[in-house]
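Have a look at the structure below before the remarks.
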Amino acid sequence: MTTTRREILAGATAIGLGTALPAVARMPGRDRLIAGTYAHEGGKGLYPIVDGRLGAPVHGVVNASYGVGNGPGGAFYLLREESQGQVTGYGPGWKVRGGASTGGADPCHVALDRSAACLAVANYSSGSVAFYQLDRKTGAPGEAKVFQHHGNGPNAERQAGPHAHWVGFSPDRRWLHAVDLGADAIFAYRFDPVARTLAEPVVGWQAQAGAGPRHMVRHPTLPRAYVACELQTRLFVLDALPDGRFRTAGEQALVPEGGPASYAAHIVIDRAGRTLYVSNRGANSITVFALDAKGEPRLVQHVPTGGNWPRFFLLREGRAEMLVANERSGTVNAFHIGKDGRLTATGRSIAIPGVVFLAEV
């Protein structure tokens, strides 16, 4: 990954804490997680966490900024966020099934289509999307087809050009959407799941100038989407249209006025579509919204994450637990999820320098 983006968003290096802190959780059975880290903040690679205990990092897996599982044959895909981006599919024991260039710089998000036949990657610094057909047995990605975004925004430091930050396939399997922070836009690609192809993108939604959309999540039952905008730290509610485009239905602030400079990061909705969560770096908080039957959000809580720069969090509804990855403080902190969706700090934490991604495996 280029130093420019890291200097803008990372600032000083994370505190290099040891690994002998209390476990995140100690549950019956084998509870398996992985944690991706940034090397420039002290991370040594991809860390396994088994029953709350941090293991030695997996050899050769560095700057794993994001990943997704359930590929063909159980493949798990990890990004290597560097100037020469890479996506690699792994099998059991983290044995390499196959890898491919992302055709761009600093890949930061990856998505698998519902049939596990295709993969898409967002290249942040080059402002492009890479699309792959997957081997149906091994899950190995083929050669990337790369689509270049165009556009910019008024923030000269962050929006001089396009910066793809998120990709996701639509529930009806007709579209791939890519959220672009630099272009203030969501791009819509027509997806053919039978031919396993993408058409050239069109602008599916144009954000307010300077909003800097970062991540999107779809409502599980309604034709609605929610976008966390990094540069304005706002939540936008969108109606999803049949032609792959979106229409703005509302917006809300993510942090109270008068606080420190803050940048929205990750956004997740629960399986029932009743609660929406967004992390805020700078404010170092999770904003919690209750969603009504129409998918309208109502602010219910701002919760401190207990660390610095919460880039990512993992919602574990089966355990009534949220794990928050605080990148700069190098900590993963655990929160209890109440029946009403509200969060309560548990006091449990584990030290992982430069942690930016978590997943169950």
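The values are calculated or read from the model by the stated rules, or taken from the named source; none is laboratory data. None of the values given here were measured: they were computed from a predicted structure. Heads up, the Cβs are rebuilt from the backbone with ideal geometry, glycines too, and the neighbour counts pull from every protein chain shown.
Residue-wise test of (1) out of contact with any strand residue (DSSP E or B) (no Cβ under 8 Å at 6 or more places or on another chain); (2) buried (at least 21 other Cβ atoms within 10 Å of the Cβ); (3) among the aromatic types (Phe, Trp, Tyr).
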| site | (1), (2), (3) |
| --- | --- |
| Leu299 | no, no, no |
| His302 | no, no, no |
| Arg316 | no, no, no |
| Lys339 | yes, no, no |
| Ile352 | no, yes, no |
| Phe357 | no, yes, yes |
Every residue from the stretch 212-224 that is touching a strand residue (DSSP E or B) at 6+ places or on another chain (Cβ under 9 Å), in contact (Cβ under 8 Å) with a residue 40 or more places away in the chain and not charged (D, E, K, R): Gly212, Pro213, His215, Met216, Val217, His219, Pro220, Leu222
Residue check for Gly347: surrounded by fewer than 23 Cβ atoms within 10 Å (Cβ to Cβ) and within 23 Å of Gly259 (Cα to Cα): no
So Ala105, is it farther than 25 Å from Arg316 by Cα, among the hydrophobic types (A, V, I, L, M, F, W, C) and either crowded, with 17+ Cβ neighbours inside 10 Å or modelled with pLDDT under 95 (or both): yes
The stretch 29-67, residues that are among the basic types (Lys, Arg) and assigned to a loop (DSSP other than H, G, I, E, B): Arg30, Lys44
Out of all the residues in the stretch 164-202, which are assigned to a loop (DSSP other than H, G, I, E, B) and under 13 Å from Cys229 (Cα atoms)? Leu181, Gly182, Ala183, Asp184
Considering only residues that are in a loop (DSSP other than H, G, I, E, B) and of a type in the set (A, V, I, L, M, F, W, C), look in the stretch 140-149 and name the one that is farthest from Leu181 (Cα to Cα). Ala140
Looking at Gly244, Gly259, Gly338, which is the one that is more than 23 Å from Ile49 (Cα to Cα), touching a residue at least 60 places away in the same chain (Cβ under 8 Å) and not β-branched (Val, Ile, Thr)? Gly244
Under the condition of being in contact with a Leu (Cβ under 8 Å, 6 or more places away or on another chain) and of a type outside the set (Lys, Arg), which residue from the stretch 194-215 is surrounded by the fewest Cβ atoms within 10 Å (Cβ to Cβ)? Gly210
Can Ala249 be described as modelled with pLDDT of 95 or more, over 25 Å from Val110 (Cβ atoms), surrounded by fewer than 14 Cβ atoms within 10 Å (Cβ to Cβ) and aliphatic (A, V, I, L, M)? no
Give the residue that is farthest from His266 (Cα to Cα), with candidates limited to residues of the stretch 92-118 that are in a strand (DSSP E or B), of a type in the set (A, V, I, L, M) and more than 15 Å from the chain's Cα centre (by Cα). Val96
Candidates Val356, Val288, Val300 - the one that is in contact with a Ser or Thr (Cβ under 9 Å, 6 or more places away or on another chain), under 17 Å from Gly43 (Cβ atoms) and in contact (Cβ under 8 Å) with a residue 40 or more places away in the chain: Val356
Top-ranked residue of the stretch 318-335 - restricted to ones that are among the hydrophobic types (A, V, I, L, M, F, W, C) and touching a residue at least 40 places away in the same chain (Cβ under 8 Å), ranked as surrounded by the fewest Cβ atoms within 10 Å (Cβ to Cβ): Ala334
Being of a type in the set (A, V, I, L, M) and part of a strand (DSSP E or B) is the filter; apply it to the stretch 293-320 and report the residue that is nearest to the chain's Cα centre (by Cα). Leu314
Whether any residue in the stretch 258-270 is small (Gly, Ala, Ser), closer than 15 Å to Phe236 by Cα, surrounded by fewer than 21 Cβ atoms within 10 Å (Cβ to Cβ) and at pLDDT 95 or above is what I want to check. no
Subset of the stretch 119-139, residues on the phi < 0 side of the Ramachandran plot, assigned to a loop (DSSP other than H, G, I, E, B) and under 22 Å from the mean Cα position of the chain (by Cα), comes to Tyr124, Ser125, Ser126
When (1) at pLDDT 95 or above; (2) crowded, with 16+ Cβ neighbours inside 10 Å; (3) among the small types (Gly, Ala, Ser) are applied to Ala14, the one that fails is (1)
Residues of the stretch 148-164 satisfying the condition of being crowded, with 23+ Cβ neighbours inside 10 Å and of a type outside the set (Gly, Ala, Ser): Pro162, His163
